[in-house]
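Colleague: Below: one structure in structure tokens.
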Amino acid sequence: MKFKILSGDGNARTGLLTTNRGKIKTPAFMPIATSGAIKGGVSSEDMRGLKSEIILANTYHLHLRPGEKIIKKGGGISSFMGWDGPVLTDSGGFQVFSLSSIRKITEEGVHFQSHLDGSKIFLGPEESMKIQHELGADIIMAFDECPPSTAGKDKIALAVQRTSAWAKKSIQTHTALCKKGKESPALFGIVQGGAHLDLREESLAEIVKLPFDGFALGGLAVGESEKEMYETIRAIAPKMPEEKPRYLMGVGTPENILEAVENGIDMFDCVLPTRNGRHGKAFSSIGDFNIFAEKYATDFSPLDPNCECPVCKKYSRAYLRHLHKSGEMLGMRLLTIHNLHFYLDLMRKMREAIEKGEFQKLKKRVMKGRTRKG
RNA sequence: GGGCGGAUAGCCAAGUGGUCAACGGCGACAGACUGUAAAUCUGUUCCCUUACGGGUUCGGGGGUUCGAGUCCCUCUCCGCCCA
């Protein structure tokens, strides 16, 4: 993997990430295909149509079903799902935090139960690296521990320590799995520490020591206030290695992303465009809104008057509302496509603005438009 | 003409003397969702009130009772059966 910075505007920058399966212009948004599918019935062709350059899949989910062996036989996750473009796999570390059936966390990893059948699962840095190598993604993530914001500082400090130890093990296992001459995935390390800047600094120092190909900020948007999240991003993002891609995991709203790009983040992923698409919330340049609302019953205008997506070119709010109220899966599909287009288009606009040195101008314009109400 | 059974909030439907403004489901109206256990979850849904609380309800009318959606009489309508 190669990463080249192309232009800058303040701390914001554009770049080109070259992976085994293709190039990614940064700042980039990575739509989430947890189980090897963008939820909402969005296909790989749809994703190409939306000009997404990379998607994200999850180690834990794919490990449980169908299993990495099958995916490897299928040519790796990218080919298996007919995408053929770059894929980043998350390590499964987030599930440590999000699944309620954790039984025990040890130095070696996490014992927990499958959400599918309750069977006992063990996942640690070594297991995660092995699985991710079999899945065959272009970028893989170190196995980390992501505590919720409600955890006490001592718990978060412990998570920082564990994340550092697991980072070392992730690197070791990954290095051993990389065969000479064979195209290997890039491995990113993850910084933890919650909203505690001292812990963040400590975590950053530890992780940056290791030869990762990129660095991620994890453990944000996990319950802390937006103010705390912004303070953390502002303090830490600019200190992450400049020549390596910086990835803010799981974040966030369009406003969050604007803020993070301003502070030098290059990569993002978030479930909001897809999940909200399924739940009826539309992102829009003139303010987000709930398509279920009664006032859209007779609104025959497009979701977003400034949108060039295939959904806005053809379908009305009234029709989308009808589909959602009727539980038609087309409603979810169309709204998800629109939302993904909104995110990907916002990234495009940010890259153009950074190149022109007009990032602040764009940020102000976008924020202003969105404070209106759909 | 006779015999049963039924009528509960927008719809379906619990409820058989007090803890019933009335279970539950649907529908409707809102809200939430940030490295996806999520096509999910939460709230409201007789009237007035931000709330506390108050008012009027269970086909109509009349009765029994301290007290009735629940028991009795009667009327109306619906369903089934016998003529």
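Colleague: Could you list, in sequence order, all residues of segment A:249-272 that are touching a Ser or Thr at 6+ places or on another chain (Cβ under 8 Å) and away from RNA strand B (no atom under 14 Å from the Cβ)?
Modeller: Of everything in segment A:249-272, just one residue is touching a Ser or Thr at 6+ places or on another chain (Cβ under 8 Å) and away from RNA strand B (no atom under 14 Å from the Cβ), namely A:Asp266.
Colleague: I've got another one for you. If the requirement is being near RNA strand B (Cβ under 8 Å from one of its atoms) and either modelled with pLDDT under 95 or under 30 Å from A:Pro147 (Cα atoms) (or both), which of these qualifies: A:Arg275, A:Arg246?
Modeller: Values: A:Arg246 fails: near RNA strand B (Cβ under 8 Å from one of its atoms).
None of the others qualify; the one that does is A:Arg275.
Table: residues versus (1) touching a Leu at 6+ places or on another chain (Cβ under 9 Å); (2) surrounded by fewer than 16 Cβ atoms within 10 Å (Cβ to Cβ); (3) without any contact (Cβ under 8 Å) to a residue 60 or more places away in the chain.
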{"position": "A:Ile24", "(1), (2), (3)": "yes, no, no"}
{"position": "A:Leu50", "(1), (2), (3)": "yes, no, no"}
{"position": "A:Asn58", "(1), (2), (3)": "no, no, yes"}
{"position": "A:Leu64", "(1), (2), (3)": "yes, no, yes"}
{"position": "A:Trp83", "(1), (2), (3)": "no, no, yes"}
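Colleague: Take segment A:255-277 and flag every residue that is part of a loop (DSSP other than H, G, I, E, B), over 14 Å from A:Pro245 (Cα atoms) and not β-branched (Val, Ile, Thr).
Modeller: A:Cys270, the sole residue that qualifies.
Colleague: Determine, yes or no, whether A:Thr150 is away from RNA strand B (no atom under 11 Å from the Cβ), within 20 Å of A:Ser98 (Cβ to Cβ), β-branched (Val, Ile, Thr) and surrounded by fewer than 24 Cβ atoms within 10 Å (Cβ to Cβ).
Modeller: Here the answer is yes, as A:Thr150 does meet what is asked.
Colleague: Go through (1) within 13 Å of RNA strand B (Cβ to nearest atom); (2) surrounded by fewer than 23 Cβ atoms within 10 Å (Cβ to Cβ); (3) not in a helix (DSSP H, G or I) for A:Ser301 and report which single condition fails.
Modeller: Evaluating A:Ser301 over (1) within 13 Å of RNA strand B (Cβ to nearest atom); (2) surrounded by fewer than 23 Cβ atoms within 10 Å (Cβ to Cβ); (3) not in a helix (DSSP H, G or I) leaves (1) as the failure.
Colleague: Further question: Could you please give the count of residues in segment A:46-71 that are charged (D, E, K, R) and under 15 Å from the mean Cα position of the chain (by Cα)?
Modeller: Here the count works out to 1.
Colleague: Here's something else I'd like to know. Please specify each residue of segment A:319-335 satisfying the condition of being within 11 Å of A:Phe292 (Cβ to Cβ) and near RNA strand B (Cβ under 8 Å from one of its atoms).
Modeller: Selection gives A:Lys325 alone.
The values are calculated or read from the model by the stated rules, or taken from the named source; none is laboratory data. Note that this is a predicted model, so its numbers are computed, not measured. Cβ coordinates were reconstructed from backbone atoms using ideal geometry, including for glycine residues, and neighbour counts include every protein chain displayed.
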